[in-house]
Every structure is written in C-alpha cells, then in structure tokens.
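One structure is given here, and the rest of the page talks about it.
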Amino acid sequence: MSALFDVLTAHPFFFRRPVPDSSHQAGVAAGAQGFSVRPIPQPSGTQTRLGVEVVGLDLSRPLGPDDFARLQQAHLDHSVVVYRNQRITPAEQIAFSRRFGPLQRHVLRNFQLADHDEILIVSNIIENGQPVGLGDAGAYWHSDLSYKPQPAMGSLLHAQELPDVGGDTLFADQVAAYEALPYTLKQQLVGLLAEHSYLLKYEALRERNAFRPALSAAQVAEVKPAVHPVVRTDPQTGRKSLFVSEHFTTRILGLPEGRSAALLAELFAHSTQPQFVYRHHWRDRDLVFWDNRAVLHLATGVPAGQRRKLYRTTIEGDVPV
Ligand code: OGA
Ligand code: MN
C-alpha cells in the first residue's frame, strides 16, 4: 500500500473503530506479557471508540516497557479501557494507577479504605447501620474532580462485589460530542469559561441519601469552585472535548444567568446522547480505567437489596486548557 496510507493509518485517530489488536504472541519482548486489546461489542449494536478490553494481562505481575506503552496508547485511543479478570490487591491497584501520575484523595475521608487512603470505596452496602462506601457516586453525569483546579486525568474502578442485576456504568465520549456540535455553536464556545462546584448537587444528594455526610467547614474550604474552559484541548493529542457536566458545572462566566443556564442545558443534553455512549456491564474483577478529560460518566444504579462494591483510585491531571 502507499506511503500515504501508512501515514494515515499510523495516526491514532484515523481508524477510530477499535481494531482487533494482534495478541503479540510472536516475538514477545523479554518481560512482556502477551495480552490483547480488543473492542467490546455493544448489545445495542451501536459502537463508539470507547470501550476496549485488555485480556490476558495480569497486573499483579511486572509489566515490560512495551506493555506499558501499548496500554498508554489504548488509553489515548479509546478513553475507556477494561482490564478483565484482575486479581489485584489495593496496593497493586495503587501501584498501577501511580504509573500514570500522582494520585488524588477524595474529600469524603470517611469512605477511604483503611490503610490505603488513595482508595475511595464506592458501595451501596450498609453494615451495622453504617455505609461501607459512597453509595451514590455517579448519580449525575460528571467528570471526576472537575471542581478542582487540577481535575482528575483518569479514574480506575476495581470491582469487588457486583449485583446480580443492574449496576452498569455509562460513559459518554466528549470528543465525539464536541465534534458533532454545529459549527455556529462551536464558534460560540470559543474562549468560554465555566465554573465547577462540588457543592452544586450536594444537598440534593443528601436529601435522597441519608448516609451522605454533612460537610465540615474544612471540607467545604477544600472544594472551592474552580474555573475551566468549556472546551478543553488535550495538549498531547490536540483533541478538543466538551468539559461541562450537570453534576458540577454551575454557570458560564460572562453570560447573563438565563443565557448561561440555557446554554449549559443544551450542552448537557447534547453531550450524553446515546450515539456517544458506551454502556459498561461489569464482570467479576473488572478494572475499568477511564479518561476524565475525554468522557463523562454516570452510574445507572442498582435495585434495592442488591450489593455492589468497587475500589476507586484517581489520577491527578493538568490544569485544563
Ligand atoms: C465513580 C463513579 C460510577 C459507578 O466512582 O467515580 O462515578 O457506576 N462511579 O459506580
Ligand atoms: Mn465518578
């Protein structure tokens, strides 16, 4: 094939369909693990670039440098990467997460794992009248920690206990959502900044969930609102993505209140349409790693009586530009 073809296909965004990866059986470098990265078929028949599964990799064993480079590439290309069947300890989850950057600690200290405060327990389980974790994480579409000056680059959620039914997590591609905006709307968004606040939905969540604790003055001070571009650009790839969400984005700066609210409502509705969404149905010991710069996510919830517990690590990202 022509040199042009080679150049195009080498570009990570040219062939956006997840391409079945060779499992690197032949010529595996010393220390490397022969794993494959492949698309996850969607029952709905729709397919986005999000959602590839890594099969045949054991994160409790050392990774070769080539292995890590392949994983990083899969992250950049697909934004939601599912590591199947990981029998890893909290310490191993922390160690793997740290390879991608420094970890962030959640403001709700009471839901951190004992001896591992880098892990936030996400769970609806109540033991002895006390919640074992944060039960309603992800009740609204959001990007983790977008209310911080340096929001989370990525989050990793490791399944500990899964319900028989329900509990799926939805991910919406904010690169595709941005690209699909009408040209005139893209023009309107140039240079706009929005405020993000942890407190926006906090009281609404507390009304629905008796186990959500009141915040202390110190906690409120820790989550002062942050201001970020409405459209952010990944400095590494040049990709633009929408960076607003119903959970945390309060207003667009410099617009009259009504105009700001209307524009945000339009963007929220646009950004989470089904054609941008990958629905993750959890399997035992899945470790799911998503890129908060490029996707929004939402917990679909579990029926009463169903138990669900996952461990989350959160990787600090750059100041969005
Ligand atoms: C989170 C989150 C969604 C879920 O842990 O950050 O939003 O489905 N979780 O548990
Ligand atoms: Mn979340």
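Every read-out reported here was derived from the displayed coordinates using simple, explicitly stated rules and does not represent laboratory data. Keep in mind it's a predicted model, so treat the numbers as computed, not measured. All Cβ positions, glycine included, derive from the backbone under ideal geometry; neighbour counts span all protein chains shown.
Restricting to region 136-161, what's the tally of residues that are touching a Ser or Thr at 6+ places or on another chain (Cβ under 6 Å) and more than 12 Å from ligand 1 (Cβ to nearest atom)? Residues meeting the conditions: 1. Hey, any hits in region 285-301 for a residue that's touching a Gly at 6+ places or on another chain (Cβ under 8 Å) and away from ligand 2 (no atom under 15 Å from the Cβ)? No: region 285-301 contains no residue that is touching a Gly at 6+ places or on another chain (Cβ under 8 Å) and away from ligand 2 (no atom under 15 Å from the Cβ). Residue pairs whose Cβ atoms lie under 7 Å apart, sitting 6 or more positions apart in sequence or on different chains, and linking a residue in region 113-138 that is over 24 Å from residue 315 (Cβ atoms) to a partner that is within 16 Å of ligand 1 (Cβ to nearest atom) and hydrophobic (A, V, I, L, M, F, W, C), are 124/302; 125/132; 131/211. Output the residues belonging to region 122-143 that are part of a strand (DSSP E or B) and within 13 Å of ligand 2 (Cβ to nearest atom). Of everything in region 122-143, those that are part of a strand (DSSP E or B) and within 13 Å of ligand 2 (Cβ to nearest atom) turn out to be 122, 134, 142. Test residue 255 against the stated conditions and say whether it is assigned to a helix (DSSP H, G or I) and either within 16 Å of ligand 2 (Cβ to nearest atom) or touching a Leu at 6+ places or on another chain (Cβ under 8 Å) (or both). So residue 255 does not fit the description; no. The residue that is farthest from ligand 2 (Cβ to nearest atom), among those in region 144-163 that are under 13 Å from the mean Cα position of the chain (by Cα) and among the hydrophobic types (A, V, I, L, M, F, W, C), is 153.
Only one of the numbered conditions (1) within 16 Å of ligand 2 (Cβ to nearest atom); (2) under 18 Å from residue 286 (Cβ atoms) is not met by residue 89, and that is (1). Against the definition (surrounded by 13 or more Cβ atoms within 10 Å (Cβ to Cβ) and within 24 Å of residue 290 (Cβ to Cβ)), how does residue 220 come out, yes or no? No, not satisfied.
Six or more apart or on different chains, Cβ atoms under 9 Å: show the pairs whose first residue is in region 162-175 and of a type in the set (Ser, Thr, Tyr) and whose second is assigned to a strand (DSSP E or B) and within 14 Å of ligand 1 (Cβ to nearest atom). Correct list of pairs: 169/157; 169/279; 169/280; 169/288; 169/290; 169/297; 169/298; 169/299.
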